[in-house]
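Shown next, in C-alpha cells, is the structure this report addresses.
What follows draws every value from the coordinates through simple rules; no lab data is involved. All figures in this text were calculated on a predicted structure; none of them were measured in a lab. Quick reminder, even Gly has a Cβ in these numbers, built from the backbone with ideal geometry, and neighbours come from all protein chains shown.
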Amino acid sequence: GAGVSQSPSNKVTEKGKDVELRCDPISGHTALYWYRQSLGQGLEFLIYFQGNSAPDKSGLPSDRFSAERTGGSVSTLTIQRTQQEDSAVYLCASSSRGGTNQETQYFGPGTRLLVL
Amino acid sequence: GENVEQHPSTLSVQEGDSAVIKCTYSDSASNYFPWYKQELGKGPQLIIDIRSNVGEKKDQRIAVTLNKTAKHFSLHITETQPEDSAVYFCAASSLTGGGNKLTFGTGTQLKVEL
C-alpha cells in the first residue's frame, strides 16, 4: 500500500520568503508528526497532530513555524520569513492511533529545504 | 526533557562481522525504544523496537537489548552484509502532550566493507 508521501521533495528559496511543505499520511492514520533533520544531526521533534488537533507543539522553534491538518489527513507545515538556519530536511511520520499507544511511526522521504 | 546519546558516530566492520551501537537515555519515564535505518536520500525506516517490559528482542540478524536500570539500550547486527550500510538512529519515546514523541540519537554511520 501507499506510504507517507511528502511534497515537494526539494525546495530552494530565498531568505525572507515563506514556504509550505505538505505531508500525506498513510490512509486511516490518525496521528501525524513533523520532525526536522539538520545536516549530520538526529531528528528533532516539531509538532504532533491527533486528528486535526495539535496537542503538542512544543518543538516548533519559533513563531515563524506553524502547521495545520485538515480532514484528519493532509498536513501542511508553513515557515514564514525563512532564515538560512531553517535549511534542513523536514520529515513527516504517521501512526495508526497515536495517543498513548506506542506504535510504529512510518516516515515519509522528507522535503529538503535550502534557504539561500 | 528526554536526552538520547548514541555511540559510535561512525562504525566500520568487515562483511560477516557483528556491529553494536549503543544508546543511553535520561528520562526514566521513557518506555518505548525504536531503532531506525536511514539510507541516503530516504526517510528513516523502523528495523526493530523494544518496550520497557522486555529486556531483549530479536528478529533474524538484528537484536536489541534494554537495561532500564542503567538507562541504556543497544542494537546488535550479526553477519553484517553490504546492504546493512546506512545511518542508524536510536530513539526513546516519552508520552507528553498526549502523543508518542520520539527523541532521537545523533545517528551512527555504519559501513560494511567487503
Per-pair calculated FRET efficiency, R0 = 25 Å: B:Gln81 and A:Leu114 via Cβ, rounded to 0.05: 0.15
Partners for A:Lys15 among aspartates and glutamates (Cα-Cα distance below 14 Å; same-chain residues under 8 apart left out): A:Glu85, A:Asp86
Size of charge dipole - the protein assembly as shown - debye, nearest 20, with Cβ of Lys, Arg +1 and Asp, Glu -1, no other charges: 400 debye
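Work out how much length B:Ser28 to B:Arg51 would gain on full extension: take 0.36 nm times their residue separation and subtract the Cα-Cα distance, in nm to one decimal.
Working: separation 23, 0.36 × 23 = 8.28 nm, distance 1.29 nm.
Additional length available on full extension: 7.0 nm.
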GNM result for chain B, Cα springs below 10 Å: residue of B:Asn67, B:Asn100, B:Asn31 fluctuating most strongly: B:Asn100
Rounded Å value of the spacing that divides the Cα centres of the range B:72-114 and the range A:60-104: 22 Å
Hypothetical label at A:Gln83: residues of the range A:30-47 whose amide nitrogen lies under 16 Å (7 Å Cα-Cβ projection): A:38
Dipole-positive endmost among B:Cys90, B:Ile62, B:Gly41 within chain B (Cβ charges, Cα centre): B:Cys90
Longest site-free stretch - chain B; sites: GluC sites (Glu not before Pro), DSSP loop, at most 14 other Cβ within 10 Å: B:40-78
Where labels lie 7 Å past Cα in the beta-carbon direction, separation of A:Ser96 and B:Ala70 in nm: 3.5 nm
Chain B: relative contact order as a whole-number percent, Cα under 8 Å and 6+ apart: 36 percent
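Can you bin the range B:23-63 into rounded, prolate or oblate? Criterion: square roots of the alpha carbon gyration tensor eigenvalues sorted a ≥ b ≥ c, rounded for a/c under 1.5, prolate for a/b above b/c, oblate for the rest.
Details: a/c = 2.89, a/b = 1.42, b/c = 2.03.
The shape class here is oblate.
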